[in-house]
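These notes concern the structure reproduced below.
Read the figures in this text as sums done on the coordinates, not as results from a lab. Bear in mind the structure is a predicted one, so any value in this text is a computation, not a measurement. A quick note on method: Cβ atoms are made from the backbone with ideal geometry, for glycine too, and the neighbour counts reach across all protein chains shown.
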Amino acid sequence: MNKVSRGIRNNNPGNIDYNPANKWKGQLPYDPVIERRFCRFESPEYGIRALMSLLGTYQRKYKLNSVSGLINRWAPATENNTSAYVNTVAKALGVSPMDSVRVSDKNIAIGLAKAIVQHENGSQPYPDEVFERAFNLL
C-alpha cells in the first residue's frame, strides 16, 4: 500500500506553512486536529497557485532572482539540505543555481512548481493541466 505524502493529501504540494495572516485563494479552514502545521487547500490547483504566488512574492519583495535565492528562502537550511534542493531544482529547469529566472514567466513558474512538488513529496503526481490551471488562477 502506497502512503500519500502530507503535501499531496493536503492539496498543498509545496508544504506551505499555515499562517493566520495569509488568506490564500482556495484555502480550507485551519483545523489543528487534521493538520497543525501546514495549509490545506480545496484542490491541488489552489495549492500550486499559492506556491507560484509565494515565489512571485519572494522575487518582487526580496529581489530573489535565482533558483538559489528562491529555494534558500523556500526551504531554509535549518530544515532542509538546501544546497541539494537548489541543485535539483536548477537541474530540472536546465539552468545553473545562480542564473536569473523570472517567476512571472509561465514556463519558469510551472517548471519551478513541478520541481518543488517533486522534491517536497518524493513524487510529482499531477498532469500538466493542473499546473496550467494553477498558473491561470494567479
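Of note:
- From most to least packed by mean Cβ count within 10 Å, the peptides 39-52, 73-86 give 39-52, 73-86.
- Taking label points 7 Å from Cα along the Cα-to-Cβ direction, LEU28 and ASN87 give a separation of 3.7 nm.
- With all projection directions averaged, the alpha carbon convex hull of segment 44-136 covers 5.4 nm².
- Residues in segment 112-120 carry Karplus couplings, in order, of 4, 4, 4, 5, 5, 4, 4, 5, 5 Hz; the curve used is 6.51 cos²θ - 1.76 cosθ + 1.60 with θ = phi - 60°, and Gly or Pro positions show x.
- Projected onto its three principal axes, the C-alpha set of segment 13-95 covers 38, 24, 22 Å, listed from the longest axis down.
- Proximity of backbone amide H atoms, modeled 1.01 Å from N, is registered between PHE38 and TYR18 at under 5 Å, excluding neighbours fewer than 5 places apart on the same chain.
- Residues of segment 52-67 with amide N under 20 Å of a point placed 7 Å along Cα→Cβ from LYS106: 52-57
- Within-15-Å neighbourhood charge of VAL86 [Cβ basis; K, R +1; D, E -1]: -1
- Local electrostatic count at ALA50 - Lys and Arg +1, Asp and Glu -1, tallied over other residues with Cβ under 14 Å: +1
- Scalar couplings 3J(HN,Hα) for segment 68-81, obtained by applying the Karplus form with A = 6.51, B = -1.76, C = 1.60 to θ = phi - 60°, are 4, x, 5, 6, 4, 7, 4, 10, x, 4, 5, 10, 9, 8 Hz; x denotes Gly and Pro.
- For the chain, calculated [θ]222 nm from helices alone, where every DSSP H run of n ≥ 4 adds -39500 (n - 2.57): -15000 deg cm²/dmol
- Full extension of the chain between ARG73 and ARG37 yields a length gain of 11.2 nm, computed as 0.36 nm times the residue separation minus the alpha carbon distance.
- Annotation: amide H of LEU64 within the under-5 Å range of GLN59, sequence separation 5 or more or interchain, hydrogens built in the peptide plane.
- Whole-Hz ³J(HN,Hα) from phi, Karplus 6.51 cos²θ - 1.76 cosθ + 1.60, for segment 99-109, glycine and proline x: 4, 6, 10, 10, 5, 6, 6, 3, 5, 5, 4
- Residue-count net charge about ALA134 - beta-carbon cut-off 13 Å; Lys, Arg +1, Asp, Glu -1: 0
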